[in-house]
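The values are calculated or read from the model by the stated rules, or taken from the named source; none is laboratory data. Everything quoted here is computed from the prediction, not taken from an experiment. As a convention, Cβ positions derive from the backbone with ideal geometry for all residues, glycine included, and neighbour counts pool all protein chains shown. Ligands, DNA and RNA are stripped out before the accessible areas are found, and what is left, the full protein with its side chains, is counted by its heavy atoms. Shrake-Rupley method; radii C 1.70, N 1.55, O 1.52, S 1.80 Å.
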Amino acid sequence: PTLRVKVDSETKETVLSGMGELHLEVYIERMKREYEVECVSGQPKVNYKETINSKQPFDWLHKKQTGGSGQYAKVIGYIEPLSEEERAELGKD
């Protein structure tokens, strides 16, 4: 069987897996034509399980010599969770 069907328990989506985009499009058209089933297709949703709980600083130095002038970068910053206002603005309540 080249077409696999599973239901993602976290996102409640029915996910079809096949040998490529064209293969999936053929099966979707067949479901519409033969079984009169309307399908909404697209990329599957990803249920992110990790989140940022506190402010974390970072300081990274990138040096790479490739035979020419090379690469050099210093990145300093921090990452922190969104405030309640920012979450509401994004609709992530």
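A compact table of results
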item: Residue order for Leu82, Leu3 - accessible surface, 1.4 angstrom probe, largest first; result: Leu82, Leu3
item: Calculated diffusion of region 47-93, Stokes-Einstein form, Kirkwood radius summed over Cα pairs, 10 °C and 1.306 mPa s, µm²/s; result: 115
item: Relative contact order (percent, whole number), region 30-84, Cα cutoff 8 Å, 6+ residue spacing; result: 30
item: Cross-link partners of Lys49 among aspartates and glutamates (Cα-Cα below 14 Å; sequence separation of 8 or more within a chain); result: Glu10
item: Portion, in percent, of the accessible area of the chain that falls on carbon or sulfur, probe 1.4 Å; result: 52
item: Accessible area per residue in Å² at 1.4 Å probe, computed on the chain; result: 95
item: Ile76, Ile52, Ile28, ranked by accessible area, largest first (probe 1.4 Å); result: Ile76, Ile52, Ile28
item: Cα centre as origin, Lys/Arg/Asp/Glu Cβ charges: the chain dipole, Debye; result: 580
item: Calculated log₁₀ intensity ratio I(q)/I(0) where the Debye formula runs over C-alpha points of region 23-66, q = 0.26, 0.28, 0.31 Å⁻¹; result: -0.96, -1.01, -1.11
item: Cα shape, region 1-42, gyration tensor, a/c 1.5 rule; result: oblate
item: Alpha carbon Rg of the chain, scaled by the compact-globule rule 2.2 N^0.38 Å; result: 1.83
item: Reach of Lys32 by Cα under 25 Å, taken over lysines that are not fewer than 8 positions away in the same chain; result: Lys6, Lys12, Lys45
item: Cross-link reach list, lysines versus Lys55, counting only Cα pairs under 24 Å and skipping chain neighbours closer than eight places; result: Lys74, Lys92
item: Cα-based helix-to-principal-axis angle, 21-35 vs the chain, degrees rounded to 10; result: 30
item: The chain: relative contact order in percent, alpha carbon pairs under 8 Å with at least 6 residues between; result: 17
